[in-house]
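Participant: Got a structure for you, questions after.
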Amino acid sequence: MNQRDRLSTGIAGLDDILSGGLLRERAYMVTGSAGTGKTIIGLHFLTAGLEAGEDALFVAFEEAPADLKADAAGLGFDTEAISFVDLSPDADRFVAEESYDVFQPDVVEGSGVSAQIVDAVEETQPDRVFVDPLSHLEYLAPDEYQYRQEVAGFVTYLTGEGATVLFSSQAALPGERPTLEYLCDGSIKLDRAEKGRTIEVTKLRGSSFLSGEHTLRISGDGMQVFTKLSPDAHHRNRKLTTLSSGVDELDRLLHGGIEGRTVTVVSGSSGVGKSTTAAQFAAASAARGERAVFYLFEETRDTFVRRSESLGLPIRELEEAGTLAVEEIEALSVSPDEFASQVRTEVEDRDAEFVVIDGISGYRLSIRGDEQELIRELHSLGRYLKRMGVSAVFIDDIDSVTGDFEPTSSQISYLADNLLFLRYLEAGGELRKAIGVLKKRTGDFERTLREFEIRGDGIHVGEPLTGLRGILTGTPEWEGDSPFGPKEAGPRDEPPDAGSSGDPGGSDGPR
């Protein structure tokens, strides 16, 4: 369908759900309980028309125009060019003994409601009409049959005059009259869910649309809609390369590095060095001129930057060069759809090629759902990134420090093209660390474990731990002399702070 036949709702994300916008000279309904944002959608719809050089009419059945204009101004809407018909309740209207000729389009004489609307339509010749709420008229109809017939005539009159109509309606409660969906060519449903405010298109005649619940945010700039990520709708070709970590020993473990356009899961217990390892890859990518973005769900930006730079990673320098971005995310205030929108902006508008999610435990808080929903969201995000030619690292926190080996915490092994794990070991009365590769789909890798250390000058990967048995239990046994030599002292090898909430790396130590 020609996009010129579409009308923008004024909300970019909603237009995406509607495959470009609303069809002209048709009627659409937005339903929801009080406070879900129905009137805000109407204001976006009308002001988008004004910006396109169209005329707009607001038929107000519930709230006086003066109040509507004041509320709209607080959300950044300029309503000066919108024509208003004030049909809001007042004492005179409800005590007058007169018949409400509300719906009949051919009745234009008198002082009834229909006459006021017809006068406004003839005067303004509107391209867009918003009726708020149309369901208010049910209280004026003697019975449901007449209500339905006359409301249908009212909407037909408006569209017949060349207007595209959007009307609001309260969501029907159990036992109440059904909604007015039979009247409309499209239906938009607003609701509140555990993950926040939601929006869903349930009907759109003559057009496809994105199904399912999407999330929205209402702020001082009005409404923003964040669509659910649809990975298969996106694709971008990039040259396939092997990405070096910038640490020779780590690259040897991976037979050169990780392949581009893959998802790597770095797993391990708290404080073992997962974030530092991911930061090493991200910094190496940024240093090559490939834009990298590091999303922090579990650590403050200041702590991350300070800790990384103490290990020799030039975070601020790379940020100033524009090849690295470090974003702190408050998981409880952002939905998965909103976060996916941020990632898409980085990938599609700023050409990001390397993305780190640190970490899955913090991201889980934004889901506010069960484990299966977490896996679905991670699957969509990972698939989108790979289809866009982006390399991704997901950091996964394992609960246990030692004991039986767990490759990941959340049944996400299948999402990983590469699985790099870090492990605590108790050896010689000391807590040491080991690193290994469990999986690499697109290439070979070294199948031994190596000692892993983070010193003042960065990551160090030692020789293979070939003399040990039971490494993955966390309490290995060695044959002959211990393979661990004395540790080299360094600023990151200090014992954990006694007040560091159980993090073996200290509250500010390697993650």
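The values are calculated or read from the model by the stated rules, or taken from the named source; none is laboratory data. This is a predicted model, so every value here is computed, not measured. Note: ideal-geometry Cβ built from the backbone for every residue, glycine included; neighbour counts use all protein chains shown.
Participant: Restricting the first residue to segment 21-50 and requiring it to be assigned by TED's automatic domain parsing to the domain that holds Ser187 and more than 21 Å from Phe154 (Cα to Cα), which pairs with a second residue that is charged (D, E, K, R) and surrounded by fewer than 24 Cβ atoms within 10 Å (Cβ to Cβ) meet a Cβ separation below 6 Å and a spacing of at least six or different chains?
Facilitator: These pairs meet every condition: Gly21/Arg6; Gly21/Asp15; Gly49/Asp127.
Participant: Quick check on segment 83-97. Is at least one of its residues at pLDDT 95 or above and in a loop (DSSP other than H, G, I, E, B)?
Facilitator: Within segment 83-97, none of the residues are at pLDDT 95 or above and in a loop (DSSP other than H, G, I, E, B).
Participant: Looking at the structure I just gave you, is Val393 modelled with pLDDT of 90 or more and part of a strand (DSSP E or B)?
Facilitator: Yes; evaluated as a whole, the condition is true for this residue.
Participant: Please verify whether segment 264-283 includes one or more residues that are assigned by TED's automatic domain parsing to the domain that holds Arg450, closer than 15 Å to Phe394 by Cα, among the charged types (D, E, K, R) and in a helix (DSSP H, G or I).
Facilitator: Yes - at least one qualifying residue is present in segment 264-283.
Participant: Could you tell me which residue of segment 233-252 is nearest to Lys386 (Cα to Cα), considering only residues that are of a type in the set (Asp, Glu) and free of Cβ contacts under 8 Å to residues at least 12 places away in the same chain?
Facilitator: Here the residue is Asp251.
Participant: Can you find, within segment 348-378, the residue that is surrounded by the most Cβ atoms within 10 Å (Cβ to Cβ) among those that are assigned to a helix (DSSP H, G or I) and at pLDDT 95 or above?
Facilitator: Per the stated criteria, the residue is Glu348.
Participant: Given the conditions (1) assigned to a helix (DSSP H, G or I); (2) at pLDDT below 95; (3) among the small types (Gly, Ala, Ser), which single one is not true for Ser308?
Facilitator: (2)
Participant: Considering only residues that are in a helix (DSSP H, G or I), modelled with pLDDT of 95 or more and among the aliphatic types (A, V, I, L, M), look in segment 311-339 and name the one that is surrounded by the most Cβ atoms within 10 Å (Cβ to Cβ).
Facilitator: Residue satisfying both the conditions and the ranking: Ile315.
Participant: Also, quick follow-up: Quick one: Leu296 ticks every box in (1) closer than 20 Å to Asp397 by Cβ; (2) more than 26 Å from the chain's Cα centre (by Cα) except a single one, so which number is it?
Facilitator: Unmet condition: (2).
Participant: Just checking, how many residues over segment 415-447 are closer than 27 Å to Gly260 by Cβ and either in contact (Cβ under 8 Å) with a residue 60 or more places away in the chain or not assigned by TED's automatic domain parsing to the domain that holds Gly273 (or both)?
Facilitator: Adding up the residues that qualify gives 19.
Participant: Output yes when any residue across segment 410-423 is surrounded by fewer than 23 Cβ atoms within 10 Å (Cβ to Cβ) and over 23 Å from Phe354 (Cβ atoms), and no when none is.
Facilitator: Within segment 410-423, one or more residues are surrounded by fewer than 23 Cβ atoms within 10 Å (Cβ to Cβ) and over 23 Å from Phe354 (Cβ atoms).
Participant: Please pick out the residue among Thr475, Thr466 that is among the hydroxyl-bearing types (Ser, Thr, Tyr), out of contact with any strand residue (DSSP E or B) (no Cβ under 7 Å at 6 or more places or on another chain), surrounded by fewer than 17 Cβ atoms within 10 Å (Cβ to Cβ) and modelled with pLDDT under 85.
Facilitator: Result: Thr466 is the single residue among Thr475, Thr466 that is among the hydroxyl-bearing types (Ser, Thr, Tyr), out of contact with any strand residue (DSSP E or B) (no Cβ under 7 Å at 6 or more places or on another chain), surrounded by fewer than 17 Cβ atoms within 10 Å (Cβ to Cβ) and modelled with pLDDT under 85.
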